[in-house]
Amino acid sequence: MLTLNALKGVGPQTLKKLNAAGIFEPEDLISWYPRDYISCEPSVSISDIQEEKMVTVFGHFTRPPVTRKYGGQQVTTGTFTDGTGNLTVNWYHMPYIAASVSDKDLYLRGKAVRKGNRLFLYQPSILKEEQYQEQVNKLMPVYPLKTGLTNKLLCSLVEQCLEHAELIHEYLPAGFRKRYQLAEANYAMKEIHFPDSRHDMLLARKRLVFDEFFFFMLSVRELKEQKHTIPNTYVFDKMEAAERLLGILPYELTSAQKRTVDEIFQDMHSPFVMSRLVQGDVGSGKTVIAVLAMLHAAENGYQSALMAPTEVLAVQHYEAVCDLTAKCGLGFQAILLTGSMTAKQKRMAYNKIESHEADLIIGTHALIQEHVVYDKLALVITDEQHRFGVRQRSVFTEKSDKPHVLVMSATPIPRTLALILYGDLDISVIDELPANRIPIKNCVVNERYLSRAYAFLEKEIKKGHQAYVICAMVEESEQVEAENVLDYAEKLKKALPQNIRIGILHGKMKPKEKNQIMQEFADHQIDLLVSTTVVEVGVNVPNATVMMIENAERFGLSQLHQLRGRVGRGSAQSYCIFMDRSGQESKNERLSVLEKSNDGFFIAAEDLRLRGPGDFYGVRQNGQIQFALADIYTDAVIMKLAKEAADEVYDQTADLSEEEEKVLYELLEQYRSRAEAFDVPL
Ligand code: ADP
Ligand code: MG
């Protein structure tokens, strides 16, 4: 058996880094798929350069590049020529690069941009003659990098792994592959890393994407069959709480909410336990539905648990639940359980849960720790389900005698896709926003609008409202992300009047600190919250009316839509400013979809249309079902195929030999654990 240790270039240090990135076995390495490919296009003369394009040029610097400081930026600049024209080359924060540029001719590859009558080349990579010859017209893998791992190292390690044929075995019979037009597994694995051509890469990708969907669907089918056979032993004969709660709400439920509540109650009263996914766009009012179901459990003597993906959300739900139960005068007790509570607080919570003093239990992952013992737990709800894996949910289920399960999600999967993915699992769709909402006003702007954007933030804050500024993640590193937010907050402090209270939130902070900041923001002790995407899920601060998203071009549309869902939650007009920093002159077509619509389903569909089936390396949608390669939007066609194939295998109409079937199901066993990382509502 090949081990990582046996690979050339892997010493104890590198092994540590690989492990830190989640790579433990050679199998992990070969499924560390490239996130992109670079191909070095044949070099062009500077005079022929088209604007806004990646180009490779061959020439030399007229003088050694020099490094200067502009504001906080270190910029290394030089003039590059090939006799047909000149390029101004800029590198940012790379002062050392000047030393690697001799006076010899060399290749530069980067993005050319025309500004005024000057042509710029930004952040180009430097290629020596032999590198250029090796790379020209080839697709070279670009791997997702984690701290300390270089692309070069990963290339070499993957290449070594691929030499060991025993790593990959073909499990699909040839006839089956032919029918679904799938490439052979070993070929696919090699070509996805080191493609001979774009065509080969696409074939390889199709096969691997198919595999991911295929096993996912098979797992779903299996789990579903098990599901609808669990008898419902819970008795819900009291039916008052819901009415009491509806009586004290300051609004009426939308008809979509009513329908969903009906469906949930029907499930809870049916012969089998519920397993339902509630899908509703941000702000569609899912929380109150959860509370209704929980109260229904409580009035019948059962406990219920609501699990949120973050502490901030858990605290917020807890407060909402306390507030609502108190107002309806139902004597049920709610309790909060999160990881950042002290040992003593946790012990008290455990006691109250075990003794059934608490009826409504709200928390984070802490709810599924082994110390928690429930008493008559009849209902389990997970909010914003994509943050939980199936395994976590099943731990939960085992803590009781097969409770009813409700999963709430804002993931805007168009219904057609959801149906393929989840088969006929029960889904309720809340496709209607409360009527009193004033639609958010949106605008996509570029840097030139920055000072006006700041002035607008100031104006809204002066009116007594609050605002968010979201900074994009710069790299896959929480450290850099944090710095980015800190820097940005400093900049804002200088640009805005001193009496505006600015708070900071990012992924490196401890849950306790995050909670505190969110609490202060909710209590209006902070006017402006500068944050990374950690505010993305579920937070509800209705007084916040403006959101400005920096570097909006780096986000997926659906994620932007989730983000902006943090505003527009109260009765005042809300605004969302998308700051496009791509430097493009023309208006970003993708982003302008967000100006046109506030409808998450429409946005997801448009995103799909704009990216087109070929463009699978567009911005990854965050927080959605994550496959290694597959994308539920752009690969919808392959997804359908895989669904067919999975059904065929499951229903035994696939014409497989016994041996072939055995191999398949053995593999399914392995894949099941992987599928657990996905979000099948179970
Ligand atoms: P989400 O579906 O994103 O979880 P929430 O449950 O947080 O949405 O609801 C957002 C806001 O809308 C809350 O302030 C809630 O009180 C309010 N809300 C929910 N349902 C209605 C309704 N039918 N009419 C008016 N406001 C509603
Ligand atoms: Mg919510």
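Using Cα atoms only, what is the angle between the long axis of helix 600-611 and the major principal axis of the chain, expressed in degrees (0 to 90) to the nearest 10?
20 degrees
Which one of 339, 305, 282 has its Cα pushed farthest toward the positive end of the charge dipole of segment 242-355, where Lys and Arg give +1 and Asp and Glu give -1 at the Cβ?
Projecting each Cα onto the dipole axis, the largest value belongs to 339.
Which percent of the accessible area of the chain is formed by carbon and sulfur heavy atoms (probe 1.4 angstrom)?
Within the chain, the accessible surface is 51 percent carbon and sulfur.
Using the Karplus curve 6.51 cos²θ - 1.76 cosθ + 1.60 with θ = phi - 60°, what ³J(HN,Hα) values do you get for each residue of segment 147-164, in whole Hz, with x for Gly and Pro?
Using θ = phi - 60°, the values come out as 2, x, 9, 9, 5, 4, 4, 4, 4, 5, 5, 4, 4, 4, 4, 5, 6, 8 Hz.
Quick one: grab the alpha carbon gyration tensor of segment 80-133, order the square roots of its eigenvalues as a ≥ b ≥ c, and give me rounded if a/c is under 1.5, else prolate or oblate depending on whether a/b is larger than b/c.
Oblate.
Using the C-alpha atoms of segment 224-371, what convex hull volume per residue, in cubic angstrom, is computed?
Enclosed volume per residue, from the Cα hull, is 129 Å³.
So, counting K/R as plus one and D/E as minus one, what does the shell of residues with Cβ under 9 Å around residue 303 add up to?
-1
Per residue, what accessible area does the chain have, given a 1.4 Å probe and all protein chains present, in Å²?
About 45 Å² of surface per residue is accessible.
Just reorder 335, 504 by solvent-accessible area, largest first, 1.4 Å probe, all chains present.
So, going from the largest accessible area down, we get 504, 335.
What is the sum of charges, Lys and Arg at +1 and Asp and Glu at -1, for the other residues whose Cβ falls under 12 Å from the Cβ of residue 125?
Net charge in that neighbourhood comes out at +3.
Report, as a whole number in µm² per second, the diffusion coefficient that Stokes-Einstein gives for segment 479-610 at 4 °C and 1.567 mPa s using the Kirkwood radius over alpha carbon pairs.
82 µm²/s
With runs of 4+ DSSP H residues as the only contributors, calculate the mean residue ellipticity of the chain at 222 nm using -39,500 (n - 2.57) per run, divided by the residue total and rounded to the nearest 500. Mind dumping the intermediate values first?
Values: 22 runs with 264 residues, N = 682.
Theoretical 222 nm ellipticity from helices: -12000 deg cm²/dmol.
For residue 275, list long-range residues whose amide hydrogen, built 1.01 Å from N in the peptide plane, is under 5 Å from its own amide hydrogen.
Amide H neighbours of residue 275, under 5 Å, 5+ apart: 405.
Compute the long axis of helix 255-268 from its Cα atoms, compare it with the longest principal axis of the Cα atoms of the chain, and write down the angle in degrees, 0 to 90, nearest 10.
That helix lies at roughly 60 degrees to the long axis.
Could you give the spread of the C-alpha atoms of segment 67-170 along their three principal axes, from largest to smallest, in whole angstroms?
Ordered largest first, segment 67-170 gives principal extents of 57, 34, 26 Å.
Expressed in whole Å with the largest first, what are the equivalent ellipsoid semi-axes of the chain derived from the C-alpha gyration tensor as the square root of 5 times each eigenvalue?
For the chain, the semi-axes come out at 45, 35, 22 Å.
Could you work out the relative contact order of the chain, using alpha carbon pairs under 8 angstrom and six or more residues apart, expressed as a whole percent?
Computed value for the chain: 13 percent relative contact order.
Radius of gyration and Dmax for segment 6-68's Cα atoms, expressed in Å?
According to the Cα coordinates of segment 6-68, Rg and Dmax are 20.0, 50 Å.
Once the Cα atoms of segment 149-286 are picked out, what are the Rg and Dmax in Å?
Looking at segment 149-286, its Cα Rg and Dmax stand at 25.2, 69 Å.
I need two numbers for segment 299-351: Rg to one decimal and Dmax as a whole number, Cα atoms only, in Å.
Cα-based Rg and Dmax for segment 299-351 come out at 12.0, 32 Å.
Can you classify segment 284-378 as rounded, prolate or oblate using the Cα gyration tensor, where a ≥ b ≥ c are the square roots of its eigenvalues, rounded means a/c under 1.5, and otherwise it's prolate if a/b beats b/c and oblate if not? Walk me through the numbers on the way to the answer.
Details: a/c = 1.68, a/b = 1.22, b/c = 1.38.
Here segment 284-378 falls in the oblate category.
Highest mean first, how do 549-557, 364-372, 241-249 rank when packing is the count of other Cβ atoms within 10 Å averaged over residues?
Those peptides, ordered most packed to least, come out 549-557, 364-372, 241-249.
Got a sec? Charge dipole of the chain, +1 on Cβ for Lys and Arg, -1 for Asp and Glu; which of 576, 439, 65 is way out at the positive end?
The Cα lying farthest towards the positive end belongs to 65.
Treating each Cα of segment 1-144 as an identical point scatterer and ignoring solvent, apply the Debye formula and state log10 I(q)/I(0) at q = 0.11, 0.19 Å⁻¹.
Listed by q, the Debye log ratios stand at -0.56, -1.08.
The values are calculated or read from the model by the stated rules, or taken from the named source; none is laboratory data. Since this is a predicted model, take the numbers as computed values, not measurements. Here the Cβ is made from the backbone with ideal geometry for all residues, glycine too, and neighbour counts use every protein chain on show. For the accessible areas, the whole protein counts, side chains as well, though only heavy atoms, and no ligand, DNA or RNA atoms are used. Shrake-Rupley method; radii C 1.70, N 1.55, O 1.52, S 1.80 Å.
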